[in-house]
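*Asks:* This is the structure I have questions about; it appears just below.
The values are calculated or read from the model by the stated rules, or taken from the named source; none is laboratory data. Note that this is a predicted model, so its numbers are computed, not measured. So basically every Cβ, Gly included, is an ideal-geometry build from the backbone, and we count neighbours across all protein chains shown. For the accessible areas, the whole protein counts, side chains as well, though only heavy atoms, and no ligand, DNA or RNA atoms are used. Shrake-Rupley method; radii C 1.70, N 1.55, O 1.52, S 1.80 Å.
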Amino acid sequence: MKISDACNHKKSLSFEIFPPKKDSELKNIDATLDVLCELQPDFISVTFGAGGSLNCNRTIELAKKIKQNYHVEPVVHLTCLHYNRAEIDEFARILTAEGIQNVLALRGDRNPDLTEKDDFKHASDLISYLKPKGDFCFLGACYPECHPESANKIEEIRHLKEKVNAGAEVLLSQLFFDNTQFYRFVEDCRIADINVPIVPGIMPVINAAQIKRMITMCGASFPERFQKIIHRFEDNKAALFDAGMSYALSQIIDLLANDTDGIHLYTMNNPVVAHRICEGIQHII
């Protein structure tokens, strides 16, 4: 099933997980998948690393498990900055052989330890290259508060438009903590004639170290209400967990009440987080 078919006809519910670093830990992810699949999500996306076939193998194995054991459609992340055409061709061949149609096309993060190759500079290049090579459905990433490398919001929207014109049929957003930022971003996209589904991405923040990583990695703004929660509970692990989960649920409920195209949850492979969220929205979505 192509994800675009589901997202164009209903509000989608989806989750993101990542392959464990060790093959032996693949079995341990079943607890998370058991919980995630209780709500019959429209898809589960599986992240993909750069710099080696081992990353690809773990991603594909986990995607196969989701499809075959849980009968949920997987979306495989595919980065391109550190790969050449021949390597991307091989990934596409494997995906086709395994019956995996849905691909989240990404440039990938720059890494000083890995050599950037010249064939693909942007996710739009990857989509344009692969589109004629198979019956894929391409999803794209979007950034409500701008990609860290974008000069401004105008440039951000222009590049996103190029991605959609290349063939991205659904957009998944980077995490954010201020829903107002997302609503403004969607409005800007519609003005720019970007009319594909735009699904907001939510990550429950449940510990102080995670918050610091998020500030460094994605540059998401922290509303005053959220800052007060963190300041009040950062020294109490259990309290911060409860507060972070409650804040994420309040975001999700507000987004659904404002008729967004769905919800994409960054689970961090935590079954407790997944279960709490699923309980909180089971009668809403």
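*Asks:* Under the definition of Cα pairs under 8 Å and six or more residues apart, what whole-number percent is the relative contact order of segment 87-136?
*Replies:* On the way: 22 pairs, mean separation 21.9, N = 50.
The normalised contact order for segment 87-136 reaches 44 percent.
*Asks:* Also, I was wondering about something else. Just check segment 145-212 against the gyration tensor rule for me: Cα atoms, a ≥ b ≥ c as the square roots of the eigenvalues, rounded for a/c under 1.5, and otherwise prolate or oblate depending on whether a/b exceeds b/c.
*Replies:* Numbers: a/c = 2.05, a/b = 1.80, b/c = 1.14.
Judged from the Cα gyration tensor, segment 145-212 comes out prolate (a/c at least 1.5, a/b above b/c).
*Asks:* Separate question: What nm distance separates the two modelled labels at ARG225 and ILE281, each placed 7 Å from Cα along Cα→Cβ?
*Replies:* Placing both labels 7 Å beyond Cα along the Cβ direction yields 1.7 nm.
*Asks:* Using only alpha carbon pairs under 8 Å that are at least six residues apart, calculate the relative contact order of segment 150-251 and give it in whole percent.
*Replies:* Numbers: 90 pairs, mean separation 30.3, N = 102.
Relative contact order of segment 150-251: 30 percent.
*Asks:* Under 14 Å Cα to Cα from LYS10, which aspartates and glutamates show up? Leave out anything in the same chain fewer than 8 places away.
*Replies:* Result set, ordered by chain and number: ASP42, ASP259, ASP261.
*Asks:* Measure off 7 Å from each Cα along the Cα-to-Cβ vector at GLU234 and ILE253, then give the distance between these two points in nanometres to one decimal.
*Replies:* It is 2.7 nm.
*Asks:* Given axes a ≥ b ≥ c from the Cα gyration tensor, I'd like to know whether the chain is rounded (a/c under 1.5), prolate (a/b larger than b/c) or oblate.
*Replies:* Values: a/c = 1.44, a/b = 1.23, b/c = 1.16.
Because its axes are fairly even, with a/c under 1.5, the chain counts as rounded.
*Asks:* Follow-up. Under the definition of Cα pairs under 8 Å and six or more residues apart, what whole-number percent is the relative contact order of segment 47-146? Intermediate results must be reported in sequence, preceding the final value.
*Replies:* Working: 133 pairs, mean separation 27.6, N = 100.
Relative CO of segment 47-146 lands at 28 percent.
*Asks:* Could you tell me which of VAL35, LEU160, PHE138 has its Cα farthest along the dipole of the chain towards the positive end, charges placed at Cβ (Lys, Arg +1; Asp, Glu -1), taken about the Cα centre?
*Replies:* VAL35
*Asks:* When the accessible area of the chain is split by element with a 1.4 Å probe, what percent falls to carbon and sulfur? Provide the component values of the computation, followed by the final result.
*Replies:* Working: 6600 of 13420 Å².
Taking all protein chains in place, the chain shows 49 percent carbon and sulfur surface.
*Asks:* For every helix of n ≥ 4 consecutive DSSP H residues, a contribution of -39,500 (n - 2.57) applies; sum these over the chain, divide by its total residues, and give [θ] at 222 nm rounded to the nearest 500 deg cm²/dmol.
*Replies:* So the calculated ellipticity at 222 nm is -14000 deg cm²/dmol.
*Asks:* How much solvent-accessible surface does ARG85 expose, in Å² to the nearest 10, with a 1.4 Å probe and all protein chains in place?
*Replies:* The accessible area comes out at roughly 110 Å².
*Asks:* So, by mean Cβ neighbours within 10 angstrom, what's the order for 181-192, 199-210 with the highest one leading?
*Replies:* Numbers: 181-192: 16.3, 199-210: 20.2.
Highest to lowest by the protection proxy: 199-210, 181-192.
*Asks:* Hey, another quick one. What is the set of long-range amide H partners of ILE263 at a cut-off below 5 Å, with H atoms built 1.01 Å from backbone N?
*Replies:* Residues meeting the criterion, in which the H sits 1.01 Å from N, are SER12, LEU13, SER14.
*Asks:* Further question on the same structure: On a straight-distance basis, which lysines could pair with LYS67 in a cross-link, Cα separation under 18 angstrom, same-chain partners fewer than 8 positions away excluded?
*Replies:* Within the straight-line limit of under 18 Å, LYS67 reaches these lysines: LYS2, LYS27.
*Asks:* Non-local amide H neighbours of CYS137 (under 5 Å, H modeled in plane, Pro and chain starts lacking H): which ones?
*Replies:* Here the answer is ASN102, VAL103, since their amide H atoms fall under 5 Å of that of CYS137.
*Asks:* While we're here: Rounded, prolate or oblate: which fits segment 206-285, taking a ≥ b ≥ c as square roots of the Cα gyration tensor eigenvalues, rounded meaning a/c under 1.5, else prolate when a/b beats b/c?
*Replies:* Details: a/c = 1.67, a/b = 1.42, b/c = 1.18.
The shape class here is prolate.
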